[in-house]
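Q: Before I ask anything, here is the structure I am working with.
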Amino acid sequence: MPSREVPDREVPNRALPIREVAGTDGAADVGTAEPPSDRSSSGWPLLASELAVLFRRRRTWAMMLALAAVPVLMAIAVRASSAVPPGRGPAFLDRITQNGLFVGVTAMLVCVPLFLPLTVGVVAGDTIAGEAGLGTLRYLLVAPAGRVRLLLVKYAGAAGFCIVAPLVVALAGAGIGAALFPVGPVTLLSGDVITPEEAVVRLVLVAAYLTVSLLGLSAVGLFLSTLTDVPVGAMAATIVISVVSQVLGELPQLEWLHPWLFSHYWFGFADLLRQPIAWDAFGDNALLQAGYIAVFGALAYGRFVTKDILS
Amino acid sequence: MTAAGRGTELAIETRGLSKRFGHQLAVDGVNLSVPSGSVFGFLGPNGSGKTTTIRMLLGLAGATEGSVSVLGLEMPDRFHEVLPRVGALVEGPAFYPFLSGAANLRRLDAADPYAATSTRRARVEAALERVGLSHAAGKKVRAYSLGMKQRLGIANALLSPRELLVLDEPTNGLDPQGTREVRSLVRSLAADGATVFVSSHLLAEVEQICTHAAVMSAGRLVAQGTLPELRDAGKARIRLVTPDAGLAEGVFARLGMTPVGGRSNGALVYSASVGEAGVPAGTAARAAPGGHADGAAPPDGAEPAGGDVVPEAVVAALVAAGVRVRGFAVEQGSLEDRFVALTGEGFDIAQ
C-alpha cells in the first residue's frame, strides 16, 4: 500500500493536480459564502452518465439479447418447419415465408403482452430502488444531484430503454427475416403494396408506437421504485401491475374501466400498417400514456422529495 | 449565528435538532457547533444517533424538529449551494459493483451539477492517487476489498476542493497502514484550511487527529468542546509508590492535592493541577451529569491556593520530608475515562 502517496501534515502536497485543476488553494475556499452557481451545468452530464451505466450493464444486454432472441427463434422455427397453416399462431406468422420483413412485426406483436413489459419493469423498477439498494442513492444526492433532477434523469433513462427495446425486436426481426426469407414489396393490411424500404420505416413506426405504450408503465415503475429500497420488489410489482392491467382489459364486465388502463392501446398499432396511416390510435395512446406519466410522475415526486434516505 | 465574522464562523451549527422514527427519538435536541477550520471528532456508541445526525446535516433525512446550518447556510433548503462545497462519506462506501473504481467516481462526479466536465478525468485520477488507488482504478469495484472500497469512498469525497469534509467512520475496514494514511490525509486537509468532521467510535483515532470533539449518547449530545477541555487536562494525577504512605499523605495535603480513590495496589493516587503538562486546564461544555471522569472533586480547603504544582517540586518535597519514593508517575486524564463516564461502561470501545 503506497503510504508515501498520502501527503504528510507538515508538507501538504501542493503538487497534487487536484488543486491545480480547480485553480484555487483549498485554504482560499474557506469562508467563501458565495454559492458556486456560476459553474452550474444542466442535467445532461448526469443523463449521459445514467444512459452509459444503464447500457453498459450486463443485465441490460442480457435483456436486449433475450428480446432479440424472440424473432430469431421464431424465424428459425418457421424456416425449419415446412409450412405454417394460415390462421394459426400469432398474426402475420403465415406471411413470414413470403416476406422476411414480417418477422419484425410478428415478433413485436408476440413481445407486447409479456416480454417488453417484463424488461421495462426491470429497468423502471430499478431506477430509484436500485440506487437505494446499492447505497449509491445517498452519494448521488450528496453530490448533489438534486432530487427532482435525479428523478427526471432516472425517468429519462427508463424512457431511453423503452425506445431501444422495441427497436431491438424490430431490427433483429427484420435482419433475421431478410437472412432466411425472401424480401420484397410488402402488402399492407389495406391491400396497398409498399417497397421494402418503406416497410422498414413502418417497422420503426410500430417500434415507436410501442415505446409510447411503455412510457406509462415506466412512470408506474418509477413511482413504485421510490417506495422501497429493494429493487426486486419494485420490479416485480411493476410487472405484476402490467399483467393485472391486461387481465382487467380482458374482462367484459369492466368495460367502463378499459379506456383508462395503460395497456388499452397496446395492440393498436395495426393502423400504422395501412395506407394512408391512421394516426388516431397513436394519438389516443399518447394522450393516455401522458396522463399516466403526469399522475405517477407527480406521485413519485411527492414521495421522493420528502423521503428520508436511510439506505 | 451570523456568518459575518470569519474567525467565529461555524462550519456546522444545529439548533435543537431532533429526529423521531415512530416512537423512538433517534436524535434528541442536539446543539452542535463545529468551528470553521477544526478537525471535529463526533463520538458515540453504535446507535447513539451519529449517522442519523450526519444524514440530517447533509439533507438526506429531514429533521423532526430544530434546524441545521452548514457553511453558514440553512440546510436542506439551500443544499444546491452547500453540498458542492462538502465532501462526504456516509455510513460506509457504496458503489456500482459492475463499474470500475474510476468509472464510479466519474459517475458520482457527473451528479454534481457544479463539477466541470472538462476536468473530470483529471480530478478522478488525482483523487484516486491521493488515496493510493491508482493501480486499481480500472478494476471493477466488485473485486475491491473493504479497505479499497473505503479508500474509494474517501476519494469520492475529495473529487473537488471542499470546504467541509464529513467522514463517517473513515477508517472502518482499513488495515493499520491505511488508518495511518487516513490520519495524515485528514491532517493535510485541515492544513489546507478545510473543516473536517469525523465520526468515529475509535477513541485513539480521535485523540490523535482531532482538535475538537463532541460525544453523543442515546440520541443526546452529552459533551462538546476542544479536546483538552474534554479530556479534563487540568486533572492530571500523580501515582506514587512508597512504603511511607502516612508521611506522603501529609506532604500532598500541604501541597493542596486531593486523593483519588486512595490506595490502589500499594500506590497512592493523587489528583492535582499539574504544571508543565503542556495543556491548560479548561472546562468542557457539559450537557449532562457525570462530568468528572475520576470523581476527584476536591474537598474543602484542599485546593491549591493558586497556580500549578510542578511534578519535580512534588518529588523534592516528598524526598525532603523523608518519604522513600519508589515509583512516581504523572498520568493525564484520558479521553477514554471521560468517554466511559459520559456514555456508560457498556460502550463498545474497540481500540
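Please treat every number below as a calculation from the coordinates, not as lab data. Fair warning: this is a prediction, and the values are worked out from it, not measured in the lab. Using ideal geometry, Cβ is built from the backbone for each residue, glycine included, and neighbour counts are taken over all protein chains shown.
Q: So between A:Val204 and A:Phe267, what do we pick up on full extension, going 0.36 nm a residue minus the alpha carbon distance?
A: Gain on stretching A:Val204 to A:Phe267: 21.1 nm.
Q: Just want the ordering: B:Tyr114, A:Tyr209, from fewest to most Cβ atoms lying within 10 Å of their own Cβ.
A: Fewest-to-most Cβ neighbours within 10 Å comes out as B:Tyr114, A:Tyr209.
Q: Let me confirm one metric for peptide B:62-74, namely the mean number of other chain beta-carbon atoms within 10 Å of its residues' beta-carbons.
A: Per residue, the average neighbour count from other chains is 1.
Q: Okay, moving on. Sorted by packing (mean other beta-carbon atoms within 10 Å per residue), highest first, where do A:299-305, A:118-124, A:263-269 land?
A: Ranking, from highest mean packing down: A:118-124, A:263-269, A:299-305.
Q: Next up: Separation between the A:Ile163 and B:Arg326 pseudo-spin-labels, each 7 Å from Cα along Cα→Cβ, expressed in nm?
A: Calculated label separation equals 8.7 nm.
Q: May I pose another question? With N set to the residue count of the range B:1-126, report its C-alpha Rg divided by 2.2 N^0.38 Å to two decimal places.
A: Working it through for the range B:1-126, the quotient is 1.20.
Q: Using alpha-carbon positions, what is the distance between the centroids of the range A:236-311 and the range B:36-114, in Å?
A: Cα centroid to Cα centroid, the span is 38 Å.
Q: Separate question: HN-Hα J couplings of the range A:294-311 from phi, Karplus 6.51/-1.76/1.60, θ = phi - 60°, integer Hz, Gly and Pro as x?
A: Per-residue couplings from phi come out as 5, 5, 6, x, 5, 4, 4, 4, x, 6, 6, 5, 9, 6, 7, 8, 10, 7 Hz.
Q: Looking at the range A:250-310, I'd like the Rg to Rh ratio, where Rg is from alpha-carbon atoms and Rh is Kirkwood's inverse mean 1/r.
A: Dividing the radius of gyration by the Kirkwood radius yields 1.18.
Q: Compute the convex hull volume of the Cα atoms of the range A:181-311, divide it by the residue count, and report the result per residue in Å³ as a whole number.
A: In the range A:181-311, the Cα hull volume divided by residue count equals 153 Å³.
Q: So who's got an amide H within less than 5 Å of the one on B:Phe197, skipping anything under 5 residues away but keeping other chains? H placed 1.01 Å off N, in plane.
A: Result for B:Phe197 returns B:Phe40, B:Leu165, B:Val166, B:Leu167.
Q: Taking 7 Å along the Cα-to-C-beta vector as the label spot, tell me the A:Leu287-B:Glu74 distance in nanometres, rounded to one decimal.
A: Taking the simple label geometry, A:Leu287 and B:Glu74 are separated by 4.4 nm.
Q: Describe numerically, in nm with one decimal, the distance between label points set 7 Å from Cα along Cα→Cβ at A:Gln253 and at A:Ala278.
A: Each label point lies 7 Å from its Cα, and together they span 3.1 nm.
Q: From other protein chains only, count the Cβ atoms within 10 Å of every residue's Cβ in B:184-192, then give the mean.
A: Partner-chain Cβ atoms within 10 Å, mean over residues of B:184-192: 6.
Q: Over the whole of B:160-170, what's the average partner chain Cβ count within 10 Å per residue? Rounded to a whole number, please.
A: 3
Q: Using each residue's phi in the range A:65-70, evaluate 6.51 cos²θ - 1.76 cosθ + 1.60 at θ = phi - 60° and report the 3J(HN,Hα) Karplus result to the nearest Hz, with x for Gly and Pro.
A: The phi angles translate into 5, 4, 5, 5, 5, 4 Hz.
Q: For the range B:79-85, in order, what is each residue's ³J(HN,Hα) by Karplus, 6.51 cos²θ - 1.76 cosθ + 1.60 with θ = phi - 60°, in whole Hz (x at glycine and Pro)?
A: Karplus values, whole Hz, x for Gly and Pro: 4, 5, 9, 7, 5, x, 9.
Q: On the Cα set of the range A:41-305, report Rg and Dmax in Å, please.
A: When restricted to the Cα atoms of the range A:41-305, Rg and Dmax are 19.5, 62 Å.
Q: What whole-number volume per residue, in cubic angstrom, does the convex hull of the C-alpha atoms of the range A:126-260 give?
A: Cα-based convex hull of the range A:126-260, divided per residue, equals 168 Å³.
Q: Grab the Cα-Cα distance for A:Trp61 and A:Leu114, subtract it from 0.36 nm times how many residues apart they are, and report the gain in nm with one decimal.
A: 17.3 nm
Q: Of A:Lys154/B:Lys140; B:Lys50/B:Lys140; A:Lys307/B:Lys19; A:Lys154/B:Lys50, which sit over 25 Å apart, Cα to Cα?
A: From the list (A:Lys154/B:Lys140; B:Lys50/B:Lys140; A:Lys307/B:Lys19; A:Lys154/B:Lys50), the Cα-Cα distance tops 25 Å for B:Lys50/B:Lys140; A:Lys154/B:Lys50.
Q: Follow-up question, since we're still on this one. Given H placed 1.01 Å from N in the peptide plane, which residues other than close sequence neighbours of B:Ser217 have an amide H under 5 Å from its amide H?
A: Answer set, sorted by chain and number: B:Val222.
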